[in-house]
1. Check which residues have an amide H placed less than 5 Å from SER31's amide H, if you skip close sequence neighbours.
2. Using each residue's phi in the range 249-258, evaluate 6.51 cos²θ - 1.76 cosθ + 1.60 at θ = phi - 60° and report the 3J(HN,Hα) Karplus result to the nearest Hz, with x for Gly and Pro.
3. Return the sequence-ordered ³J(HN,Hα) values of the range 54-62 in whole Hz as given by the Karplus equation 6.51 cos²θ - 1.76 cosθ + 1.60 applied to θ = phi - 60°, using x for Gly and Pro.
4. So for the chain, Kirkwood radius off the Cα pairs, Stokes-Einstein at 37 °C and 0.692 mPa s: how many µm² s⁻¹?
5. Under the rule of at least 5 residues apart or a separate chain, name every residue whose amide H is placed under 5 Å from the amide H of ASP60.
6. Relative contact order, percent, of the range 64-192 when contacts are C-alpha pairs under 8 Å separated by at least 6 residues?
7. So, for the range 213-275, what is the accessible surface per residue at a probe of 1.4 Å, expressed in square angstrom?
8. Per-residue counts of other Cβ atoms within 10 Å, averaged by peptide: what ranking do you get for 79-86, 139-146, highest first?
Amino acid sequence: MSKYPADIAERLDRTNELLQRMLMEVAKTPSTHAIFVDAGYVYAAAGLLVTGTEDRRSFDLDAEGLIEAFIDRARTIFADSRLLRVYWYDGARRRIHTTEQQAIAELPDVKVRLGNLNANNQQKGVDSLIRTDLESLARHRAISDAALIGGDEDLVSAVEAAQGYGARVHLWGIEAAEGRNQAEPLLWEVDSQRTFDLDFCRPYVTRRPVTTYEDDTPAPSREDVRLVGARIATAWLAARGRESLVDLLPGHPYLPGSVDQDLLVEAERLLQHSLRGHAHLRRALRDGFWQHLQAQY
């Protein structure tokens, strides 16, 4: 004889039956995973590993091939799971897609999400985009596993948010030539870790040929170089806007390394003459660049 009244026993039986049905439905629901790629980390880490430099201008990255390799590896690791999509996070001036980013966005199962780039070519807002997507997908039970390819300590909060909703977060990284290229607090928080070595990365990174100029022609005058510096500053300001100018001005008379390198490469292209080894001409180039920008402020 049941120790519960008949009506309560009947309700308990019905509740147990509903729970069993729910568990059966959950068991039949396939697991889903997504891949979250911090492109800035991938370019820097893969470029340094394969070519010895983090400078994007020095090498080409076969993003399509690398993304497919990430997807294939995920198929092996999450064998009983289906791919939701790959999220590719990168920076762009005014969040306007570059030609390369447009091509990546057109790939199947890939979504490109853009943060901004400041005057020093540093990504801004990418980590917050990753956190928003990770947390939202985990909260809505859209994913059970997340493969996160990045190394910034700021991603710890994204990992914690996703884990709080029951998703497992797996940190994937690229082998560092020396030391580590992923923050220790990030390594401590994730559910598992995996590193891609040189053999994995090498097919997707190709060093660009170095442009050289014949130096048997007369060197340009300081005034010619200064005018070229002003010309480049005009294009720089038009492309990046006054916000980037405000970021740049406090550093006067020095330029961030990435801006200074861009200035040199473009000046040599326009002049068709190498300025390496001509310190006085490089100073004239920077003077022309700065003088034009300061005149616009």
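1. Hits under the 5 Å cutoff: ARG82.
2. So the J values, rounded to whole Hz, are 4, x, x, 3, x, 8, 10, x, x, 5.
3. Once θ is set to phi - 60°, the couplings for the range 54-62 become 8, 6, 4, 6, 8, 8, 10, 10, 7 Hz.
4. On the way: Rh = 22.5 Å.
Estimated via Stokes-Einstein, D reaches 146 µm²/s.
5. THR206, ARG207, ARG208
6. Values: 179 pairs, mean separation 23.0, N = 129.
Here the relative contact order equals 18 percent.
7. Numbers: 3460 Å² over 63 residues.
I get 55 Å² per residue for the range 213-275.
8. On the way: 79-86: 14.4, 139-146: 17.9.
Order by mean packing, descending: 139-146, 79-86.
The values are calculated or read from the model by the stated rules, or taken from the named source; none is laboratory data. For clarity, every value in this text was computed on a predicted model and none was experimentally measured. Glycine gets a Cβ as well: all are built from the backbone with ideal geometry, and neighbour counts include every protein chain shown. Heavy atoms of the whole protein, side chains included, go into the accessibility calculation; ligands, DNA and RNA do not. Shrake-Rupley method; radii C 1.70, N 1.55, O 1.52, S 1.80 Å.
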